[in-house]
Structures are given as C-alpha cells and as structure tokens.
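Structure first, commentary second.
Please treat every number below as a calculation from the coordinates, not as lab data. In this text the structure is predicted, and so the values were computed from the model without any measurement. Cβ sites come from the backbone with ideal geometry, for glycine too, and all protein chains shown count toward neighbours.
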Amino acid sequence: MNLRALIKREILIAILSIVLVILGIISFSLAVFMDVEEGQTNVISFGNIDMSFCADATCETTVENLGNIIGTEKNEAGESVPVKVYPMTNEEGLATTPYKFILSNTGDYDLYVTIKLEPDTDFILSTEFPDYSDYTETAYTNIMVAFGEDGLSPTTRLYSELTDYKITENVLIPTGERKIFNLYAWVKEDAPNTAQGTYFVTEISAIGEMIPNS
C-alpha cells in the first residue's frame, strides 16, 4: 500500500463513527419430539429437553468477559453507551474482546444446538444519540462476524453470508455438559463512507434438538 493510499485509509478510519452493538438477548426454542416404536408413542417433554443460558458473573464467576457488549463502554453513571467503531482487518477484529456466553444442557438427552444472530428490529437507540441512524439494512454487507467454541479457532464470515442468520448449527452438547461460545463482530476493512453514524443491534437465539436414533 503506497503512502497516499495509507493516508486516505487513515482519514477514512478517523471520520467513521459506526456504532456496532451486539446485545446478548437469548431466547430458546426447545423442541418436543415424538418417537414411535412398536405402536407406542413416547413424548419427550420440555422437562427432559432443556438448556440454560449464562452470560454474567451471577451464574459463572470463573469465566472472564461473559456478556461483553461489543461497541459500547461504561459512562460515569455505569451505563453502556455507544463508542466509535472503526473498520478493521480480520486480524484486528479477532484481537478484540468477544461477546461470550455459556449454554448448558440441563435435560436428560444429548442436544444438537443451532445458534442464530438476527437483527433486533425492535431496538430503539437512546435519545442521547440522535445523530445515529439504523444500520440494519446495510449491515449485511459491511459487518464481519466470527463465532466458535472457546479455545477453538472461530469461523469468520460476512454477515451477508449467513444462511437464515445461522452462525453455527448441529453443535453437540451432551446431557449434563456445557459449552462456552465466543462471538466477535466488527466493521469490515473497506466499509464505505455511507456507513458513518449508523448502528446495528442483534440478538442471539439458540435452538436445542434431540435427534432420536433411527
């Protein structure tokens, strides 16, 4: 990259004020399955298929950075407020602090889990920030997301590459066990000037399924 291009990139980064907020709102769709054998129907109830979600120190004190909100900082009142988020390379994005959460299988059957990252279309930004505008419609092609189990290399993709908002699927969580997940999100390196002064908010949903033996 020559000096003029480098200066141009630095100026672009300096004027961008993209707010990228990842809210850890978890919702569960716990499937009920009917397994028919020898003319008898056995219904697996919600009490047997269950997951628990953890994203703060109230449920887990030994894991750091649980529930971190990407693109915010604490003000003097202790409230989370948006900060400027600049375009990053993939290497820079993966060096940031991820949003971290834990899923535990508290039921009686092994679960295969699908996790989605969907735009939160009901979110309204505080009136303290009237200069920001909704980013949902353009985020698909300007946001990079990386997701994976804690301790493993995450998979990095453009948000627009997600199928039905899935960031992972068919992750096995055996009964009585748990898995820690990391979610990274950043503005891609070559985001356009039109992304200035915008925000993007998402929510996470997890679906646990018990797949009967054939």
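Can you compute the modelled spin-label distance between residue 96 and residue 205, with each label point 7 Å from Cα toward Cβ, in nm?
So the two model labels end up 2.5 nm from each other.
With a point put 7 Å past each Cα toward its Cβ, work out how far residue 157 is from residue 118 in nm, to one decimal.
The answer from the label model is 1.7 nm.
For residue 166, which aspartates and glutamates qualify as cross-link partners when the Cα separation must be under 19 Å and same-chain residues fewer than eight apart are set aside?
Hits, sequence-local ones excluded: 118, 120, 137, 149, 150, 203, 209.
What ranking do 167, 211, 102 get, fewest neighbouring Cβ atoms within 10 angstrom at the top?
Details: 167 23, 211 13, 102 18.
Neighbour counts put them in this order, fewest first: 211, 102, 167.
Could you go through the stretch 161-166 in sequence order and give the Karplus-derived ³J(HN,Hα) for each residue, using 6.51 cos²θ - 1.76 cosθ + 1.60 with θ = phi - 60°, rounded to whole Hz, and x for Gly and Pro?
So the Karplus estimates, Gly and Pro as x, are 8, 5, 9, 6, 6, 7 Hz.
Between residue 62 and residue 141, what is the label-to-label distance in nm when each label sits 7 Å out along the Cα-to-Cβ direction?
4.7 nm
Direction-averaged shadow area of the convex hull around the Cα atoms of the stretch 95-166, nm²? Show your work: numbers first, answer last.
Working: hull surface 29.8 nm².
Spelled out: convex hull of the Cα atoms, projected over all directions, averaged, 7.4 nm².
Which far-off residues, 5 or more places away or on another chain, put their amide H under 5 Å from the one on residue 189, with H placed in the peptide plane?
Correct list: 88.
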